[in-house]
């Protein structure tokens, strides 16, 4: 059963009651929220995700609720609750749906130790995964959103889940978070794409979430083999330029940008070195999405021929 | 101010050893080496000289002279390079990252 199979009334009932248990890749989230924008966001962006039985074990229990007390009248807030606590500061009520997304990221990044978690987007073609680590502002999500509308499959926009046995990347594809100008860029680049309403003035600026294409969700249990680690950088007006990069430096950089490399100790080191063993590493500067697609498609073609 | 540093005391016939012998794990690509020190949880990027010194010390303690001779034999050190100085500099950096230490006399 998928979320789309629920009637709107049933969806509201579960979210306001015992919780909606949603399967997202290898994790189950029990989500509770009385907030309408959260209901609408889930209905619009998660319609193809599997719905699990209400009594099924969930890895994470996530609640996004409205604030209490008089404040809810004059400056309503959205609050994320997890395990009896409130890990984040309250946000404006209108930020409730992005807050749920950030909360889901937080749950995985802070608690999961059965994967090596790298802060990176991952896309796949022909079974080969391209890991795109990058700091905020490098254009990672824009690039990722462009690629998944030109034949690449989304494994994750935010975090690469590397198996500790073997080196496969497990998909954890969820809506791609686009910010500011990137929203209009992708709306123009992929007019068929489905978005959440844009939420203004978040701590990241304006944010809109992009729905994951249906067939990518259907293939969410299909892992991929790492083949490339590419550090992208949007550089206005520049021609696309792919430059080989030191594997050892790339490993250290990925380790620094991992959520749990230090915690995993030797296991993390072995896992990460396997990823680097299997991957060609590059720096990539670009200004046009079509150029990036052409360059990456060529890398796949070369790799498949080889 | 007195800086106590074993490597900088060139005259001393210091013997060096790994700081935490059984806890090093390696990965390498070409002439780049990455070593993970399980004791500290730190990952270090090493050039071939430092990697070689660490590898020798994994086999047992060694002094600067022995490390210099072995390095000259193992790696093609150009004639104009003072390999003794190279070893001293490498040891100093390896000490700073707590991968090696001078054996107390």
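The values are calculated or read from the model by the stated rules, or taken from the named source; none is laboratory data. Because the structure is predicted, anything quoted here is derived from the model rather than measured. Using ideal geometry, Cβ is built from the backbone for each residue, glycine included, and neighbour counts are taken over all protein chains shown.
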Legend entry - Close pairs (9 angstrom Cβ cut-off, 6 or more residues apart or separate chains): loosely packed, with under 14 Cβ neighbours inside 10 Å in the stretch B:81-105, assigned to a loop (DSSP other than H, G, I, E, B) and at pLDDT 95 or above anywhere: B:103/B:61
Legend entry - Options A:289, A:264: the member that is surrounded by 16 or more Cβ atoms within 10 Å (Cβ to Cβ) and either away from chain B (no Cβ under 12 Å) or touching a helix residue (DSSP H, G or I) at 6+ places or on another chain (Cβ under 6 Å) (or both): A:289
Inset, instruction - Would you tally the residues in the stretch B:13-41 being on the phi > 0 side of the Ramachandran plot and more than 10 Å from chain A (Cβ to nearest Cβ)? - result: 0
Inset, instruction - Only residues that are under 24 Å from residue A:59 (Cβ atoms) and assigned to a strand (DSSP E or B): list them for the stretch A:79-95, please. - result: A:79, A:80, A:81, A:82, A:85, A:91
Inset, instruction - Among the strands (runs of 3 or more DSSP E) lying completely within the stretch A:158-223, list those that include at least 2 residues that are under 28 Å from residue A:112 (Cα atoms) and in the same structural domain as residue A:234 (by TED's automatic domain parsing). - result: A:159-163, A:176-179, A:205-210
Inset, instruction - Mind listing whichever residues of the stretch A:20-57 are farther than 20 Å from residue A:195 by Cα and over 22 Å from the mean Cα position of the chain (by Cα)? - result: A:34, A:53, A:54, A:55, A:56, A:57
Inset, instruction - Filter the stretch A:111-129 down to residues that are in contact with a helix residue (DSSP H, G or I) (Cβ under 7 Å, 6 or more places away or on another chain) and buried (at least 24 other Cβ atoms within 10 Å of the Cβ) and give me whichever is nearest to residue A:146 (Cα to Cα). - result: A:123
Inset, instruction - Give me a count of the residues in the stretch A:272-286 that are in a helix (DSSP H, G or I) and within 11 Å of another protein chain (Cβ to nearest Cβ). - result: 6
Legend entry - Selected residue (only one of B:10, B:73 is part of a helix (DSSP H, G or I), more than 14 Å from chain A (Cβ to nearest Cβ) and either touching a strand residue (DSSP E or B) at 6+ places or on another chain (Cβ under 6 Å) or at pLDDT below 95 (or both)): B:73
Inset, instruction - Would you mind finding the one in A:192, A:238, A:253 that is away from every other protein chain (no Cβ under 14 Å) and more than 21 Å from residue A:148 (Cα to Cα)? - result: A:238
Legend entry - Qualifying positions in the stretch B:14-35 - under 24 Å from residue A:244 (Cα atoms) and either in a strand (DSSP E or B) or touching a residue at least 40 places away in the same chain (Cβ under 8 Å) (or both): B:26, B:27, B:28, B:29, B:32, B:33, B:34, B:35
Inset, instruction - Consider residue A:202 carefully, then state whether it is under 21 Å from the mean Cα position of the chain (by Cα) and away from chain B (no Cβ under 14 Å). - result: yes
Inset, instruction - Just name the residue that is nearest to the other protein chains (Cβ to nearest Cβ) out of those in the stretch B:48-60 that are out of contact with any helix residue (DSSP H, G or I) (no Cβ under 8 Å at 6 or more places or on another chain) and surrounded by fewer than 14 Cβ atoms within 10 Å (Cβ to Cβ). - result: B:59
